[in-house]
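Presented below is the structure to which this report refers.
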Amino acid sequence: MVDEPVPIPPITPGVARALSPLVRRIAAADSSGDVGINTYLIGIDEIVIVDPGPIDAGHLDVLCGCGGDRIRWIVFTNPDPKYSAGALTLKERTGAELLAPPGFDGADQVMGDGHKIDATEFRITAVAMNDGSDGNYAYVLEQERTLISGDHCAEAVPTDLPDKVKSYRIKSIAPAFGQYIDDARLMLKPPS
């Protein structure tokens, strides 16, 4: 008997889904009610929110309900409002520390390439896209070798990214839109 692959459940806005022991995804709804940006909750005892998404009371309520007072940090992969607009409201509601690139009003700490968040059960490292001057970052969840990529790999993997994350031996990718990618090896294979 051949094992058939288990179908991947569809992404439902507002519903938390565990993707790994340390990663949960909650998709925001876009303006038409369809699936919007993926927000990631990293951690159990202490939580980092990656890409809090737009200012949407329902989405922020779900994030607070899932993370509560364990939300310690907020970061985003892109300073565009569709990724970051909810950051300040989420900071006010949770008391979490907002780490952002230079020039983002309301940040508690300026973040740059290589910045690390050391939590009780994991470490996340910021990886600047381009040179980081545009505020675009990806994050490596070191314990699970997961790249939280934002939409930086949506059309194609940036040519310098495989070298930047090579030492982490990335095995999975958590994108801003769409499904979690369990096997990232082919995507992050350095160009020959």
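No value in this document is a laboratory result; all are computed from the given coordinates. From a predicted model like this one, the values you see are computed outputs, not experimental measurements. With ideal geometry, Cβ positions are generated from the backbone for all residues, glycine too; neighbour counts draw on all protein chains shown.
Please turn the phi angles of region 148-164 into ³J(HN,Hα) values with the Karplus equation 6.51 cos²θ - 1.76 cosθ + 1.60 (θ = phi - 60°), one per residue in order, whole Hz, x for glycine and proline.
Couplings: 8, 9, x, 9, 5, 10, 5, 8, 6, 6, x, 4, 8, 5, x, 5, 5 Hz.
List the residues whose amide H sits under 5 Å from the amide H of GLY36, counting only those 5 or more places along or on another chain, with H placed 1.01 Å from N in the peptide plane.
Those lying under 5 Å, H to H, from GLY36 are ALA28, ALA29, ASP30.
Compute, for region 17-175, the length of the dipole vector about the Cα centre, with Cβ point charges of +1 (Lys, Arg) and -1 (Asp, Glu) only. Units Debye, rounded to 20. Could you put the intermediate results ahead of the total?
On the way: 15 positive and 24 negative charges, 112 e Å.
In debye, rounded to 20, region 17-175 gives about 540.
Which of ILE55, LEU188, SER149 sits closest to the plus end of the dipole of the chain, meaning its Cα is farthest towards the positive end, when Lys and Arg get +1 and Asp and Glu get -1 on the C-beta?
Positive-most Cα among the choices belongs to LEU188.
Can you sort PHE104, PHE76, PHE177, PHE122 from fewest to most other Cβ atoms within 10 Å of each residue's own Cβ?
Values: PHE104 17, PHE76 32, PHE177 14, PHE122 21.
Going from least to most buried by this count: PHE177, PHE104, PHE122, PHE76.
Take the chain, connect every pair of alpha-carbon atoms lying under 10 Å apart with a spring to form a Gaussian network, then pick out the residue of GLY43, GLY95, GLY135 with the largest mean-square fluctuation.
Comparing GLY43, GLY95, GLY135 in the GNM, the peak value goes to GLY95.
Specify which labelled value, from [x] 1.37; [y] 0.95; [z] 1.00, agrees with Rg/Rh (Cα atoms, Kirkwood Rh) derived from the coordinates of the model shown.
Looking at Rg/Rh (Cα atoms, Kirkwood Rh) for this model, the match is [y].
How much length would be gained if the chain were fully extended between ARG185 and ASP160, taking 0.36 nm per residue of separation minus their Cα-Cα distance, in nm to one decimal?
Numbers: separation 25, 0.36 × 25 = 9.00 nm, distance 1.51 nm.
Difference between extended and current length: 7.5 nm.
Ranking ARG123, ARG24, ARG70 by Cβ neighbours within 10 Å, fewest first, what do you get?
Values: ARG123 12, ARG24 18, ARG70 15.
Ascending number of Cβ neighbours within 10 Å: ARG123, ARG70, ARG24.
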